[in-house]
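One structure is given below, encoded as structure tokens.
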Amino acid sequence: MPSNHRVGILTGGGDAPGLNAVIRAFVKRAVGQLRWSVVGVEDSLNGLLESPYRVSELTPQSCTGLLNRGGTVLGTTNRGDPFAYGREKADISGRLVSAMQDLDLEGLVVIGGDGSQRIAYRLMTEHDVKVVGVPKTIDNDLSATDMTFGFESAVAVATDALDRLHTTAESHDRVMILEVMGRDAGHIALHAGLAGGADCIILPEIPYDIQRIVRKIDKRRAVGRLFTLIVVAEGARCAEATAGEGLHGEAHSRIHTGGPALQLAHQLVARRDVDVRVTVLGHLQRGGSPVAADRILATRFGIAAVDLIEAGRWGEITVLRNNSVIGVPIAEAISIYRQVDVNGELVKVARAVGVELGG
Ligand code: F6P
């Protein structure tokens with residue numbers, strides 16, 4: 001006898017290519033095949049916290065055309081923490097419990113990054129809300145899963161940008177700096193840098209010595225390579241504070257985007273007579289259609305979320321481990337942040353093909 005579940009599904013935090021593919025897969029299996037009812041909650045948990053509720057019944061029909069669609073049809077926000085809501089940072093988490101009762105929701109599927117999963121964990125532990133998690137971030141910085149969907153799409157966009165910068169850099173004998181996203185992890189920078197043949201890859205995990213970058217440019221020029229392609233992660237920082245040049249500590253974290261690339265550009269022109277151009281890729285990395293690998297992973301996660309609920313494994317999150325999708329406790333998924341392993345194979349490969357990592 002199939003059990004008749006009725007669950008809510010929502011997307012939280014920043015968007016990532018593949019969110020809609022998760023929703024589609026979940027609804028196709030849960031509603032189309034198992035005859036559950038699935039309620040889409042708008043704008044993360046906000047759709048349940050506001051009156052009237054902003055929710056809608058999802059069906060396989062309402063999810064047509066979602067596989068390759070970027071963004072999230074449910075909407076999202078990173079300002080919807082029910083434990084610290086609005087300007088007053090009020091704890092209105094109790095409202096969520098009554099909303100779930102009003103709508104007869106047994107539990108929630110939370111598709112989101114570490115911030116959303118932390119909130120999900122608090123809802124579970126403090127209010128007994130049943131939650132199944134699906135991890136999401138283009139940064140690929142969640143240690144619990146070998147891969148998050150959205151990452152490959154972001155890397156593809158950044159690689160394409162490097163390919164394009166390559167030809168113009170070569171034509172003008174310029175130093176081209178591309179800044180990519182990733183918060184405090186350099187996965188996007190490292191992967192795109194390798195795929196796009198960058199000469200220097202600057203990661204948050206390896207504070208850079210500006211002299212090493214300058215030497216790399218000099219060496220290239222000495223052998224007639226008059227241009228240099230540099231990819232910088234948005235969380236990158238210089239090893240040494242240089243008066244008037246650098247943004248460090250609190251200032252560094254406030255100047256979120258464009259900070260590290262501009263800082264590096266200033267440092268280079270102060271030391272060499274080079275023509276430097278800066279491109280900050282920004283949200284182009286998050287928008288648009290997911291690549292095939294992300295569509296597949298998102299679909300696998302959507303189906304795995306149904307399987308977890310069917311098996312009564314609330315409190316778990318879908319993760320990819322050794323190419324199998326499994327469930328692990330949400331608590332495990334939020335406990336460790338994953339940065340680039342500076343002694344790992346990819347870093348060694350980068351060094352072995354002559355990439356300058358600045359440290
Ligand atoms: O975590 C995903 C991410 O895109 C980071 O790479 C970036 O630092 C951040 O979100 C940007 O957030 P927002 O869209 O709020 O500017």
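Of everything in the range 32-83, what is among the β-branched types (Val, Ile, Thr) and under 21 Å from LYS136 (Cβ atoms)? Give them in sequence order.
Looking only at the range 32-83, we keep the residues that are among the β-branched types (Val, Ile, Thr), and these are 38-39, 41, 55, 59, 64, 72-73, 76-77.
Correct list: VAL38, VAL39, VAL41, VAL55, THR72, VAL73, THR76, THR77.
In contact with an Asp or Glu (Cβ under 8 Å, 6 or more places away or on another chain), over 16 Å from VAL291 (Cβ atoms) and either among the small types (Gly, Ala, Ser) or not assigned by TED's automatic domain parsing to the domain that holds ARG221 (or both): is that true of GLY186 in this structure? Step through it out loud before you land on a result.
Working: in contact with an Asp or Glu (Cβ under 8 Å, 6 or more places away or on another chain): yes; over 16 Å from VAL291 (Cβ atoms): yes; either among the small types (Gly, Ala, Ser) or not assigned by TED's automatic domain parsing to the domain that holds ARG221 (or both): yes.
Considered against the rule, which asks whether it is in contact with an Asp or Glu (Cβ under 8 Å, 6 or more places away or on another chain), over 16 Å from VAL291 (Cβ atoms) and either among the small types (Gly, Ala, Ser) or not assigned by TED's automatic domain parsing to the domain that holds ARG221 (or both), GLY186 comes out as yes.
So, in the range 343-356, exactly how many residues are closer than 15 Å to CYS200 by Cα and under 22 Å from the mean Cα position of the chain (by Cα)? It would help to see each step written out before you state the result.
The initial filter retains those residues of the range 343-356 that are closer than 15 Å to CYS200 by Cα, namely 346-356.
Imposing the further condition that a residue be under 22 Å from the mean Cα position of the chain (by Cα) reduces the set to 346-347.
Matching residues across the range 343-356 total 2.
Working carefully through the options SER62, SER51, find the one that is outside any helix (DSSP H, G or I), touching a strand residue (DSSP E or B) at 6+ places or on another chain (Cβ under 8 Å) and assigned by TED's automatic domain parsing to the domain that holds VAL319.
On the way: SER51 fails: touching a strand residue (DSSP E or B) at 6+ places or on another chain (Cβ under 8 Å).
Step by step, each of SER62, SER51 is checked, and only SER62 is outside any helix (DSSP H, G or I), touching a strand residue (DSSP E or B) at 6+ places or on another chain (Cβ under 8 Å) and assigned by TED's automatic domain parsing to the domain that holds VAL319.
Take the residues of the range 266-292 that are buried (at least 18 other Cβ atoms within 10 Å of the Cβ) and within 17 Å of the chain's Cα centre (by Cα): which is nearest to the ligand (Cβ to nearest atom)?
ARG286
Within the range 79-96, work out how many residues are of a type in the set (A, V, I, L, M, F, W, C) and within 19 Å of GLY40 (Cβ to Cβ). Steps first, please.
If we filter the range 79-96 for residues that are of a type in the set (A, V, I, L, M, F, W, C), which is where we start, we get 83-84, 90, 92, 96.
From what's left, within 19 Å of GLY40 (Cβ to Cβ): 96.
So the count comes out to 1.
Out of SER37, SER116, report the one residue that is surrounded by fewer than 20 Cβ atoms within 10 Å (Cβ to Cβ), touching a strand residue (DSSP E or B) at 6+ places or on another chain (Cβ under 6 Å) and touching a residue at least 24 places away in the same chain (Cβ under 8 Å).
Working: SER116 fails: surrounded by fewer than 20 Cβ atoms within 10 Å (Cβ to Cβ).
Only one candidate qualifies: SER37.
I'd like the full set of residues that are surrounded by fewer than 16 Cβ atoms within 10 Å (Cβ to Cβ) and either modelled with pLDDT under 60 or of a type in the set (D, E, K, R) (or both), limited to the range 223-253.
At the first step, the residues of the range 223-253 found to be surrounded by fewer than 16 Cβ atoms within 10 Å (Cβ to Cβ) are 223-225, 239-245, 248-251, 253.
Those that are surrounded by fewer than 16 Cβ atoms within 10 Å (Cβ to Cβ) and either modelled with pLDDT under 60 or of a type in the set (D, E, K, R) (or both): ARG225, GLU240, THR242, ALA243, GLY244, GLU245, HIS248, GLY249, GLU250, ALA251, SER253.
Can you name the residue in the range 165-193 that is closer than 10 Å to VAL155 by Cα and more than 11 Å from the ligand (Cβ to nearest atom) and is also surrounded by the fewest Cβ atoms within 10 Å (Cβ to Cβ) among such residues?
HIS191
Go through the range 164-189 and count every residue that is without any contact (Cβ under 8 Å) to a residue 60 or more places away in the chain, touching a helix residue (DSSP H, G or I) at 6+ places or on another chain (Cβ under 9 Å) and farther than 18 Å from LEU264 by Cβ.
Adding up the residues that qualify gives 0.
Pull up the range 63-78, narrow it to residues that are touching a helix residue (DSSP H, G or I) at 6+ places or on another chain (Cβ under 7 Å) and of a type in the set (Ser, Thr, Tyr), then point me to the one that is nearest to the ligand (Cβ to nearest atom).
This residue is THR77.
Of all residues being within 14 Å of the ligand (Cβ to nearest atom) and among the β-branched types (Val, Ile, Thr) in the range 129-164, which is surrounded by the fewest Cβ atoms within 10 Å (Cβ to Cβ)? Just the residue, please. Full working, then the answer.
Let us first name the residues in the range 129-164 that are within 14 Å of the ligand (Cβ to nearest atom), namely 135-142, 148-151, 153-155, 157-158.
Within this subset, residues satisfying the condition of being among the β-branched types (Val, Ile, Thr) are 137-138, 148, 155, 157.
Numbers: THR137: 27, ILE138: 31, THR148: 27, VAL155: 27, VAL157: 23.
Filtering first and then ranking leaves VAL157.
The values are calculated or read from the model by the stated rules, or taken from the named source; none is laboratory data. Every value quoted in this text rests on a predicted model; they were computed, and no experiment measured them. Cβ sites come from the backbone with ideal geometry, for glycine too, and all protein chains shown count toward neighbours.
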